[in-house]
Amino acid sequence: MTHRPGISLVEVLVAILITSIGLLSLLVLFPLGALEMVQAIQSDRAGHIKRSAGAIANTWDIRNIRGGNPLVTNAMLDPNNTGNPATAYVPSPGVVPPPALAPRQAPGPNPLSANAPSYPVLVDPNGYWANLNTAWQDWVAGGPTSGFVLPRRVSCEPLNPNSATPPSLNFPTGSTMAMDSTARRQQLLRWTTLLDDMRFLRDETDAGRPCAPGGASVLDRTPRYSWAYMCQMPKAIANGPVNVSVIVYSGRALEQSATGESAYTATYNYSGNPNLAQLQWNAGQNPPDINVGGWIFDASMNSPPLISYFYRVVAINQDPQNSNAFLVELQPPYRTPGSPRPGVAVILDTLIEVFDLQTF
């Protein structure tokens, strides 16, 4: 056989094919690495928020029913403002009259008289400010118009936009200046957002330098991560403890009202499976915007004993028997096992993590 120098075109093409497969395998790792980095940063921020929010909860004393904010305390015992917590209204499934309307429907079991958990309360100053003078201000997802009662309150009186102007928390001791609405809002953001994220310039001259809008000396720290609290007394007694969960948002619209909250009819323990819930929507609703890894909040208050709780979504499937329903697999299992249990599921958009601080 005559030996020839060089290689054939077929050999070149085979070599290119093999090299391309190897390069494509490497290129796939870059977006996966970027996604893992984003997730790692998000988990790191959420971990910092857990500790910060827990310390702030102790500072605000929202875990102490005796020394905490009466707005939160009253919402846990009497969200409809009946004036008498001993006869406060606890709704039955799907029967929730607006608080100002009368006559009321026949009351269900009362937390105080039934030795049951209190109402859960979303301590959410950002949502309270964004929804001023609307039904959403005091009620999550519009409250009674959504078919359930889940109160929203501020965490402490100086952050309440409807309160009388308090002494300033910003000015030196002895100052006669008072904290106006703008200063109060700054304090609110200080106590409910993570300020360690800042934007950086990207042009060649100043690349890597923090942004300062309009040439100002103050850095542009975008409050991407924010938080609120879900509070509930395991037993609705006048001086009982309060269970607190920190709920962490990423990219929440802090200034946009009536967004990011939806309530749906739910059936827990669906088909007798404590890990399965059915979420239904009516003709006027969009399907629930949930993803695997997201969260739903059980806001059912139809019969004690019932501790409201956040559940992680681990699987979502269309209900084969109902085109307007999803079957959602939850972790951990539903806290009240047994027969199917009607209730309410609340979806909070941009919610990325929930930390239970019962033992904090």
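Worth pointing out:
- Close pairs (9 angstrom Cβ cut-off, 6 or more residues apart or separate chains): on the phi > 0 side of the Ramachandran plot in region 272-297, among the small types (Gly, Ala, Ser) and in a loop (DSSP other than H, G, I, E, B) anywhere: GLY272/GLY338; GLY272/SER339
- Residues of region 247-280 that turn out to be of a type in the set (D, E, K, R) and over 15 Å from the mean Cα position of the chain (by Cα), as a count: 1
- Conditions (1) over 28 Å from ASN131 (Cβ atoms); (2) outside any strand (DSSP E or B); (3) touching an Asp or Glu at 6+ places or on another chain (Cβ under 9 Å): number failed by ALA315: (2)
- VAL242 touching a helix residue (DSSP H, G or I) at 6+ places or on another chain (Cβ under 6 Å) and buried (at least 18 other Cβ atoms within 10 Å of the Cβ): no
- Only a single item in (1) under 26 Å from the mean Cα position of the chain (by Cα); (2) modelled with pLDDT of 70 or more; (3) over 30 Å from LEU357 (Cβ atoms) is not met by ARG63, and it is number (3).
The values are calculated or read from the model by the stated rules, or taken from the named source; none is laboratory data. These numbers were taken from a predicted model, which means no experiment stands behind them. Cβ sites come from the backbone with ideal geometry, for glycine too, and all protein chains shown count toward neighbours.
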